[in-house]
1. Which whole number gives the average count of other chain Cβ atoms within 10 Å of the Cβ atoms across peptide A:113-120?
2. Given 37 °C and 0.692 mPa s, compute D for segment B:116-257 with the Stokes-Einstein relation, Rh being the Kirkwood radius over Cα pairs; round to the nearest whole µm²/s.
3. If you take every residue apart from A:Gly86 with its C-beta less than 14 Å away from the C-beta of A:Gly86, what net charge results, scoring Lys and Arg +1 and Asp and Glu -1?
4. Can you give the convex hull volume of the alpha carbon atoms of segment A:99-185 per residue, in Å³?
5. For segment A:155-201, I need the span (max minus min coordinate) of the C-alpha atoms along each principal axis, in Å, sorted largest to smallest.
6. Take the alpha-carbon centre of segment B:190-216, take the same for segment A:85-151, and report the distance between them in whole Å.
7. Mind computing the radius of gyration and Dmax over the alpha-carbon atoms of chain A? Å is fine for both.
8. With the other protein chains left in place, how much accessible area per residue, in square angstrom, belongs to the protein assembly as shown at a 1.4 angstrom probe?
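The values are calculated or read from the model by the stated rules, or taken from the named source; none is laboratory data. Just so you know, these numbers come straight off a predicted model, no measurement behind them. Cβ sites come from the backbone with ideal geometry, for glycine too, and all protein chains shown count toward neighbours. Surface accessibility is based on the protein's heavy atoms, side chains included, excluding ligands, DNA and RNA. Shrake-Rupley method; radii C 1.70, N 1.55, O 1.52, S 1.80 Å.
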Amino acid sequence: MNVTRGFTGRPRAHNAGLPPGQYDAGDDWPVLSAEVTPELSPAEWTFRVDGLVEEPHTWDWDEAHALPGSVYEGDIHCVTSWSKFGVRFGGVSLDAFLDVVRPHGSATHVVAYSHTGYTTNLPLADVTGGKAWIAWEFDGKPLSPEHGGPARLLVPHLYFWKSAKWIAGLRLLDQDEPGFWEQNGYHARGNPWEEQRYSGD
Amino acid sequence: MTEQAVEAPSFTPPTRFAVPGRIAVSNRAAALWQTATLTEIRRETPHAATYRFAVPAWAGHLPGQHLMLRLTAEDGYVAQRHYSIASAPDDAGHIELTLDHVEGGEVSGWFHTVAQPGDEVEVRGPLSGFFAWPGDRPALLIGAGSGVVPLMSMVRHHRAQGLSVPLRLLVSARSPEELIYAGEFGAETTPVFTRRAPQGAPVGRMAAAHVAPLLAEQPPGGWEAYVCGSNAFAEHASRLLVAAGQPVERIRIERFG
Ligand SMILES: Cc1cc2nc3c(=O)[nH]c(=O)nc-3n(C[C@H](O)[C@H](O)[C@H](O)COP(=O)(O)OP(=O)(O)OC[C@H]3O[C@@H](n4cnc5c(N)ncnc54)[C@H](O)[C@@H]3O)c2cc1C
């Protein structure tokens with residue numbers, strides 16, 4: 001351990017919900033995205049799932065909202081080292097979308113892409129079984145554009161760069177294909193509890 | 001090993017914004033924590049100072065890249081934050097960071113009130129090739145506050161290498177006293193003052209009138225725009241650029257949270 005002379009850190013209560021290397025951002029919700037925030041209305045928003053599936057499908061806003069609603073209540077963790085506790089997102093579980101397209105047995109990974117062209121890769125197992133959502137509400141209100149509104153992917157058990165803002169679609173693949181930050185040196189999976197920040201961690 | 005047919009083709013999204021793919025990031029450097037020894041502190045403004053470090057095994061960086069820095073308390077508590085690299089790449093074995101003193105800030109507070117030459121911290125990097133500028137394309141740089149830090153690395157690189165590729169910097173600060181690197185700017189820079197300006201200069205937010213003339217003098221191949229600062233500033237500046245006709249896929253943004 002390399003102790004920094006004179007550094008004590010801020011007084012803190014032990015928080016079992018805080019992954020290693022993270023701090024509690026409290027009420028703050030920092031915005032981090034590399035691209036210009038798109039002007040995308042709900043009427044223009046679409047979400048497509050294709051690749052290794054029986055039946056590719058594209059949903060518009062109303063069709064997506066006709067699926068059974070689902071809420072995530074819990075914490076989120078950003079690789080830039082803030083975490084946010086007790087957030088509440090409303091939307092639809094990704095399982096509901098995948099049930100419609102029926103993934104092939106050979107599908108192992110997904111590439112999520114956004115309406116800006118941002119991409120991020122995930123193992124299929126990380127977005128199935130109640131672990132991922134398409135979210136359009138935050139705290140009961142429409143998700144704001146700078147946080148990915150009208151709709152974003154939400155994969156709260158991984159670092160938040162995996163939760164692609166302005167989500168446009170998922171492509172199912174039989175191999176892992178690095179996305180935007182992963183090509184820029186970030187970890188392929190991004191589990192905050194294992195501090196998988198950068199490739200090689 | 002058996003040959004396997006790859007069914008799903010490699011995937012490019014149906015949109016224009018894409019990874020530049022022209023800058024490789026060293027995974028080894030990004031994964032490795034190194035000791036950085038503080039060698040010098042230079043005051044820039046009442047709220048910002050530059051910290052010079054010796055990092056003997058530093059792998060080098062490109063202007064615009066950042067690093068992760070961590071401080072460790074006696075009880076094992078660790079605080080880590082991202083900081084842009086202020087120095088040009090060819091500063092062998094040394095890097096410089098410029099930190100704003102954030103009110104109540106855990107890491108910037110330690111730097112501004114405790115740190116002295118000889119102190120050791122840990123860094124890993126350089127990180128993120130996306131915001132980097134190797135000096136190859138005409139660059140239009142727009143920053144506010146400490147958002148000027150990675151842009152200054154680009155300006156310094158441009159000078160040190162004697163590059164002729166066009167480079168312009170628009171930088172916003174509250175007042176002349178708060179303009180970081182004020183003494184180092186040259187003809188490439190236009191400062192904008194939001195609260196108090198030198199005599200005869202206007203006071204006000206960065207506006208279309210600042211951006212339009214720069215976009216009017218399009219260099220061959222067009223500008224690559226780099227925007228850096230707080231999120232509010234990044235939103236504002238990137239909208240100005242889009243409104244003035246800069247293509248969205250040629251705007252790179254670094255938001256300090
Ligand atoms: C890619 C990137 C590059 C960056 N580059 C630079 C750079 O070049 N220069 C630079 O100056 N910054 C830069 N930043 C910002 C930097 O990473 C830090 O966010 C900044 O230095 C503040 O950190 P801190 O530990 O001092 O403040 P923190 O402790 O993180 O506090 C931030 C704010 O939260 C408040 N706060 C939070 N919790 C508490 C609490 N419990 N009690 C009291 N107050 C609290 C603080 O008052 C303060 O206003 C960059 C950020 C990114 C993402």
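1. Across A:113-120, the average partner-chain Cβ count within 10 Å equals 5.
2. Taking Rh from Cα pairs, D becomes 207 µm²/s.
3. -4
4. Per-residue hull volume (Cα only) is 104 Å³.
5. Each principal axis gives a Cα extent; for segment A:155-201 these are 28, 21, 19 Å.
6. 42 Å
7. Cα only, chain A: 17.3, 61 Å (Rg, Dmax).
8. Accessible surface, normalised per residue, equals 41 Å².
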